[in-house]
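K.L.:
Here it is, the structure in full.
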Amino acid sequence: MNVRCPACGQLLEIEPGFYYGTSYVSYALTVALSVATLVAWWVTIGLSTTDNRFFWWLGINGVVLLLCQPYLMRLSRSIWLSFFVKYNANWLTEKAEEPERM
């Protein structure tokens with residue numbers, strides 16, 4: 001990961017351990033993706049207690065989550081950073097703010 005944004009110069013590591021909170025965001029994204037795949041599975045294939053369709057969904061959902069994990073982690077870092085660093089419409093002319101700690 002870059003130390004600074006190559007476009008605007010914003011410091012990306014605001015303080016030590018800043019990105020520990022991304023685990024909560026990543027967890028929420030993972031749960032949302034799992035619920036979405038469960039609903040899609042239920043609508044297209046259906047769920048039943050008499051056969052193993054639910055276990056097939058669990059296996060396929062696990063593979064989907066493993067394949068999407070790099071994208072989910074990157075997205076969760078972006079979401080977490082957007083909570084603390086606000087968008088500046090004049091980023092071309094104004095310098096990025098330095099964090100108070102560091």
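K.L.:
So in region 49-78, with the set limited to residues that are over 24 Å from the mean Cα position of the chain (by Cα) and among the charged types (D, E, K, R), which one is surrounded by the fewest Cβ atoms within 10 Å (Cβ to Cβ)?
P.N.:
Restricting to residues being over 24 Å from the mean Cα position of the chain (by Cα) and among the charged types (D, E, K, R), the top hit is ASP51.
K.L.:
Moving on to the next point. Residue by residue through region 79-95, note down the ones that are surrounded by 10 or more Cβ atoms within 10 Å (Cβ to Cβ) and in a helix (DSSP H, G or I).
P.N.:
If the condition is that a residue be surrounded by 10 or more Cβ atoms within 10 Å (Cβ to Cβ) and in a helix (DSSP H, G or I), then ILE79, TRP80, LEU81, SER82, PHE84 are the ones that fit.
K.L.:
Here is a check on your reading of the model: is LEU29 touching a residue at least 40 places away in the same chain (Cβ under 8 Å) and either more than 21 Å from MET1 (Cβ to Cβ) or not in a loop (DSSP other than H, G, I, E, B) (or both)?
P.N.:
Judged against the criteria, LEU29 is a match.
K.L.:
So which residues in region 66-94 are within 13 Å of TYR27 (Cα to Cα) and touching a residue at least 40 places away in the same chain (Cβ under 8 Å)?
P.N.:
Of everything in region 66-94, those that are within 13 Å of TYR27 (Cα to Cα) and touching a residue at least 40 places away in the same chain (Cβ under 8 Å) turn out to be LEU72, MET73, LEU75, SER76, ARG77, ILE79, TRP80.
K.L.:
Which condition number in (1) at pLDDT below 95; (2) small (Gly, Ala, Ser); (3) within 30 Å of TRP91 (Cβ to Cβ) is the one that SER48 fails?
P.N.:
Result: SER48 passes all but (3).
The values are calculated or read from the model by the stated rules, or taken from the named source; none is laboratory data. Values in this document were obtained by computation on a predicted structure and should not be read as measured data. Note that each Cβ is placed from the backbone with ideal geometry, even for glycine, and that neighbours are counted across all protein chains shown.
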